[in-house]
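What follows is a single structure, written as structure tokens, with notes after it.
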Amino acid sequence: GENVEQHPSTLSVQEGDSAVIKCTYSDSASNYFPWYKQELGKRPQLIIDIRSNVGEKKDQRIAVTLNKTAKHFSLHITETQPEDSAVYFCAASTDGDDKIIFGKGTRLHILP
Amino acid sequence: KAGVTQTPRYLIKTRGQQVTLSCSPISGHRSVSWYQQTPGQGLQFLFEYFSETQRNKGNFPGRFSGRQFSNSRSEMNVSTLELGDSALYLCASSFSGTAYGYTFGSGTRLTVV
């Protein structure tokens, strides 16, 4: 069945540096890829998403890139700040289908 | 607009008891999904309901069950609680069951003692 693999499981970066989290998906029909951020003790919240007809999307310090041929997509966070420390989940779904498949999450630590 | 509301926020139960958790989706959302999240773990999918019907089910024992009402509110029940059932239970709602607009509630933290 559909599978989403997410790497790394844990990532530590110095404050101000960039962080990259990568995901691969198995279903070539997937066409919507959201990213969720879960801060400690809180609910996962959507931070950015991308559709398969777009290769890249940016929102301030956050960007997502998509490579449909290779079936992978990545989250890029630039100029990291302490408040970026959280668990990040990638996901994949297909319009018209009723499933969303999540990756296992990446715990991001921003070091002072 | 109001978000996804889960009640109660915290719950302590004794092993062997049963528990019912509630999830009220965003107005107009007809799909409700439930997840179990244990410390350090990802989002383990339990099941999804759409228009009062269970459409998808994860890999959990039959002790975990759910239902959805005509107003789209959903309940999840766990019978014969085990210590390993201690977790954060999250529900998420969306309009059509696809990921667009998928919104999580704040969760119910269940502790089994």
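The mean sequence distance of close C-alpha pairs (under 8 Å, at least 6 residues apart), as a share of the length of region A:1-105, puts its relative contact order at 34 percent.
When only DSSP loop residues count, what chymotrypsin sites (Phe, Trp or Tyr not before Pro) in region A:13-112 have their Cβ near at most 16 other Cβ atoms within 10 Å?
Those that pass, being in a loop and sparsely packed, number zero.
Residues of region B:70-113 with accessible area at least 40 Å² lower in the all-protein-chain context than alone (1.4 Å probe)? Residues meeting the cut-off: B:Thr98, B:Ala99, B:Tyr100, B:Tyr102, B:Phe104.
Counting only protein heavy atoms and a 1.4 Å probe, the protein assembly as shown has 49 square angstrom of accessible area per residue. Residues whose amide H comes within less than 5 Å of that of B:Ser72, counting only those at least five positions distant or on another chain, are absent (H built at 1.01 Å from N in the peptide plane).
For GluC sites (Glu not before Pro), the sites in region A:45-112 that DSSP calls loop and that have at most 15 other Cβ atoms within 10 Å are A:Glu79.
Per-atom-type breakdown for chain B gives carbon and sulfur 48% of the accessible area (1.4 Å probe, protein chains only). Ranked from largest to smallest solvent-accessible area, with a 1.4 Å probe on the protein heavy atoms, B:Leu90, A:Leu40, A:Leu11, A:Leu111 come out as A:Leu40, A:Leu111, A:Leu11, B:Leu90. What a 1.4 Å probe finds exposed on region A:1-64 is 43% carbon and sulfur by accessible area, rounded to a whole percent. Mean separation of Cα pairs under 8 Å and 6 or more residues apart, divided by the residue count, gives region B:1-110 a relative contact order of 36 percent.
The residues of region B:32-60 listed by number as losing at least 40 Å² of accessible area in the complex, against the isolated chain and with a 1.4 Å probe, are B:Leu43, B:Asn56.
Find the sum over both chains of the accessible area lost when B and A are paired, probe 1.4 Å, and report it in Å² to the nearest 100.
Result for this pair: about 1500 Å² buried.
With θ taken as phi - 60° and the Karplus curve 6.51 cos²θ - 1.76 cosθ + 1.60 applied, the whole-hertz 3J(HN,Hα) list for region A:49-62 is 9, 8, 9, 5, 8, 10, x, 8, 9, 10, 8, 6, 8, 10 Hz, x standing for glycine and proline.
Other residues lying with their Cβ under 14 Å from the Cβ of B:Gln44 contribute a combined charge of 0, Lys and Arg counting +1, Asp and Glu -1. For chain B, the spread of Cα positions along the three principal axes, ordered from largest to smallest, is 37, 25, 24 Å.
The values are calculated or read from the model by the stated rules, or taken from the named source; none is laboratory data. Predicted, not measured: the structure shown is a model, and the values here were computed from it. FYI the Cβ positions are ideal-geometry reconstructions off the backbone, even for glycines, and counts take in every protein chain you see. Keep in mind that these areas ignore ligands, DNA and RNA; they rest on the heavy atoms of the full protein, side chains included. Shrake-Rupley method; radii C 1.70, N 1.55, O 1.52, S 1.80 Å.
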